[in-house]
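The block underneath contains the structure these notes are about, expressed in structure tokens.
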Amino acid sequence: VTLVESGGGLVQARGSLRLSCAASGRTLSSYAMGWFRQAPGNEREFVATIGSGGVGAYYAHSAKGRFAISRDSAKNTVYLQMNSPKPEDTAVYYCAAASLFGYTSPSRYNYWGQGTQVTVSS
């Protein structure tokens, strides 16, 4: 599975941004999908995950209520809608695929994209 993120860029705090993760090589329908982020000097951290059928979603505390993960099976794409972002959300955002839903550790994910930079200005 090859994953390619897009949609990153510069966004003002209290704005919105939607990240996309398009897959090729294999359908994503059997995978749970996750979004992670990594800021300079920090470890990669969990943001959100969604089940293989779009049933079930789980968020990091920092993302809950502001971000929304979704997937479109017909487009083989996963999304992360970022609402009311904060400067501390600035990071490279990665999507990843896992065999089961509910994982928050990066080590549980088998496939990764190259990341897309999100910068939030105050």
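The values are calculated or read from the model by the stated rules, or taken from the named source; none is laboratory data. On a predicted model such as this, the values are computed, not experimentally measured, just so you know. Cβ atoms come from the backbone with ideal geometry, glycine included; neighbour counts cover every protein chain shown. Each accessible area value is taken on the protein alone, full model and side chains, heavy atoms only, with ligands, DNA and RNA left out. Shrake-Rupley method; radii C 1.70, N 1.55, O 1.52, S 1.80 Å.
Of the candidates L3, L10, the single residue that is surrounded by 13 or more Cβ atoms within 10 Å (Cβ to Cβ) and in a strand (DSSP E or B) is L3. Among the residues of the stretch 105-119, those that are open to solvent by 10 Å² or more (accessible area, probe 1.4 Å), over 16 Å from T27 (Cα atoms) and either charged (D, E, K, R) or assigned to a strand (DSSP E or B) (or both) comprise R108, T116, Q117, T119. The C-beta contact set for the stretch 66-79 (first residue closer than 16 Å to T116 by Cα, second residue part of a strand (DSSP E or B) and basic (K, R), distance under 9 angstrom, 6+ apart or interchain) comprises T77/R71; V78/R71; Y79/R18; Y79/R71. Out of curiosity, is F67 within 13 Å of the chain's Cα centre (by Cα) and aromatic (F, W, Y)? Spelling it out, F67 is indeed within 13 Å of the chain's Cα centre (by Cα) and aromatic (F, W, Y). Please verify whether the stretch 39-56 includes one or more residues that are open to solvent by less than 50 Å² (accessible area, probe 1.4 Å) and free of Cβ contacts under 8 Å to residues at least 24 places away in the same chain. So far as the stretch 39-56 goes, yes, one or more of its residues are open to solvent by less than 50 Å² (accessible area, probe 1.4 Å) and free of Cβ contacts under 8 Å to residues at least 24 places away in the same chain. Of all the residues in the stretch 1-33, those that are touching a Ser or Thr at 6+ places or on another chain (Cβ under 7 Å) and β-branched (V, I, T) number 1.
There is no residue in the stretch 16-34 that is at pLDDT 95 or above, part of a loop (DSSP other than H, G, I, E, B) and open to solvent by 30 Å² or more (accessible area, probe 1.4 Å).
Taking the stretch 66-78 on its own, how many of its residues are open to solvent by less than 60 Å² (accessible area, probe 1.4 Å) and part of a loop (DSSP other than H, G, I, E, B)?
Pass one, the stretch 66-78, residues open to solvent by less than 60 Å² (accessible area, probe 1.4 Å): 66-72, 76-78.
With part of a loop (DSSP other than H, G, I, E, B) added as a condition, the list becomes 66, 76.
Residues meeting the conditions: 2.
For the stretch 79-104, taking the residues that are of a type in the set (G, A, S) and either under 21 Å from G56 (Cα atoms) or open to solvent by less than 50 Å² (accessible area, probe 1.4 Å) (or both), the one that is farthest from the chain's Cα centre (by Cα) is identified as S99.
Scanning the stretch 49-65 for residues that are assigned to a loop (DSSP other than H, G, I, E, B) and among the small types (G, A, S) yields G51, S52, G53, G54, G56, A60, S62, A63, G65.
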